[in-house]
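Q: Dumping the structure here so I can ask a few things about it.
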Amino acid sequence: MPQLPIGDNSSPGYESETDIGDYVDRGRQKVRNLWDGFIDFAFQGNVLEIAFGLILASMFTSVITSFVSDIILPPLSVLLPLNKNLDEKFAILRGGPHAPKGYNTVKAAQDDGAVVMAYGFFLNRLLNFIGVGFSLYAMASIYQYFSKDPIIKRQVKCKYCKKYISEKASRCVNCTSWQDGRDDRLSREGQ
């Protein structure tokens, strides 16, 4: 039966304490390089700006959602002949196994196994989307009014290729035609 050599420094599988120390030092250096690279990436200006923008966008969306759900929809429910808030309106497409005369809430209908079309919830989300869109457009317009940096870039159709280009473009980026009519004048002069 083969035996493992004990205390023999010249055997191929034996590593001294200095070799193990070198492995540990190299491992520490790799971890340190990985950590330093992560810190450089995470605290770059662009990454922080994006994170800040996402946090602000999330808070802005929750404020607009609250505005639509808590301020706009209740008066709308009073003005229109609705018996409930708009987001609680639903239609039963197929009743559940224990279907009563009617369900009072969407949750009760879904718990009974009914097929429900919650159109009020959809209209609530649609109004939230429109509210967020108009608010962002208003903020961009105000920013553009006070700043030289345009956020809202107006576009027009090219006369020749009918693709959208910048309103300030003198040539189309798609078909390279001049937008001031030079191509028309040159073609008329050449005839």
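The values are calculated or read from the model by the stated rules, or taken from the named source; none is laboratory data. Because the structure is predicted, anything quoted here is derived from the model rather than measured. Counting neighbours? That spans all protein chains shown, and the Cβs are built from the backbone with ideal geometry, glycine included. With ligands, DNA and RNA removed, areas are computed over all heavy atoms of the protein, side chains included. Shrake-Rupley method; radii C 1.70, N 1.55, O 1.52, S 1.80 Å.
Q: Percent of Cα-Cα pairs more than 18 Å apart in the range 90-191, please.
A: 71
Q: Please give the FRET efficiency for Arg26 paired with Ser62, using the beta carbon to beta carbon distance and R0 = 45 Å, rounded to the nearest 0.05. Intermediate values should be presented prior to the final figure.
A: Working: r = 48 Å, r/R0 = 1.08.
E between Arg26 and Ser62, to the nearest 0.05, is 0.40.
Q: Counting only heavy atoms of the protein chains, get the accessible area per residue of the chain (1.4 Å probe) and round it to a whole Å² value.
A: Heavy-atom SASA per residue in the chain reads 82 Å².
Q: Cross-link candidates for Lys162: which aspartates and glutamates have Cα within less than 19 Å, leaving aside residues fewer than 8 places away along the same chain?
A: Leaving aside aspartates and glutamates fewer than 8 places away in the same chain, those within reach of Lys162 are Asp180, Asp183, Asp184.
Q: Pick out which of Phe52, Phe129, Phe43 has the largest mean-square fluctuation in a Gaussian network model of the chain, springs linking Cα atoms closer than 10 Å.
A: Among Phe52, Phe129, Phe43, the largest mean-square fluctuation in the Gaussian network model of the chain belongs to Phe43.
Q: A follow-up question, please. Can you give me the distance in nm between label points at Leu136 and Leu34, each placed 7 Å from the Cα along the Cα-to-Cβ direction?
A: 3.7
Q: Something else now. Give me the percent of the accessible area of the range 69-114 that comes from carbon and sulfur atoms, probe 1.4 Å, all protein chains in place. List each step's numbers first, then the result.
A: On the way: 1880 of 3340 Å².
Of all accessible area on the range 69-114, carbon and sulfur atoms account for 56 percent.
Q: Percentage of Cα-Cα pair distances in the range 72-114 greater than 12 Å, rounded to whole percent?
A: When every Cα pair of the range 72-114 is considered, 59 percent fall beyond 12 Å.
Q: Near Lys148, which lysines are there with a Cα under 18 Å away, not counting those fewer than 8 places off in the same chain?
A: Those lysines meeting the cut-off are Lys168.
Q: Follow-up. Is it possible to state the helix-based mean residue ellipticity at 222 nm for the chain, with each DSSP H run of 4+ residues giving -39500 (n - 2.57), the sum divided by total residues, to the nearest 500 deg cm²/dmol? What is it? Before the final figure, lay out each step's value.
A: On the way: 6 runs with 99 residues, N = 191.
Taken over the chain, the calculation gives -17500 deg cm²/dmol.
Q: Next question. Give me the log10 of I(q) over I(0) for the range 24-96 at q = 0.14, 0.22, 0.28 Å⁻¹, as the Debye formula computes it from C-alpha points; what are the numbers?
A: The Cα Debye sum returns log10 ratios of -0.70, -0.96, -1.12.
Q: Once you charge only the Cβ atoms, +1 for Lys and Arg and -1 for Asp and Glu, what is the size of the charge dipole of the chain about its Cα centre, to the nearest 20 debye?
A: Here the chain has a charge dipole of around 1740 debye.
Q: Give the Debye-formula value of log10 I(q)/I(0) at each listed q (0.21, 0.23, 0.26, 0.28 Å⁻¹), with one equal scatterer per alpha carbon of the range 117-157, two decimals each.
A: Cα-only, vacuum Debye calculation for the range 117-157: -0.71, -0.76, -0.84, -0.89.
Q: Which of the DSSP-defined H helices in the chain satisfy a minimum axial length of 18 Å, computed from C-alpha atoms, and a minimum mean Kyte-Doolittle hydropathy of 1.0?
A: 45-66
Q: What FRET efficiency, computed as 1/(1 + (r/R0)^6) with R0 = 22 Å and r the Cβ-Cβ distance, is obtained for Gln144 and Leu48, rounded to the nearest 0.05?
A: Numbers: r = 24 Å, r/R0 = 1.10.
Computed FRET efficiency for Gln144 and Leu48: 0.35.
Q: Only Cα pairs within less than 10 Å get springs; with that Gaussian network setup on the chain, which residue of Leu34, Leu73, Leu48 has the largest fluctuation?
A: For the chain, modelled as a Gaussian network with Cα springs under 10 Å, the answer is Leu34.
Q: Give me the one-decimal Kirkwood hydrodynamic radius in Å for the chain, with the sum taken over alpha-carbon pairs.
A: It works out to 25.6 Å.
Q: Oh, and also: Which one of Ser147, Ser177, Ser66 has the biggest mean-square fluctuation once the chain is modelled by GNM with Cα springs under 10 Å?
A: It is Ser177.
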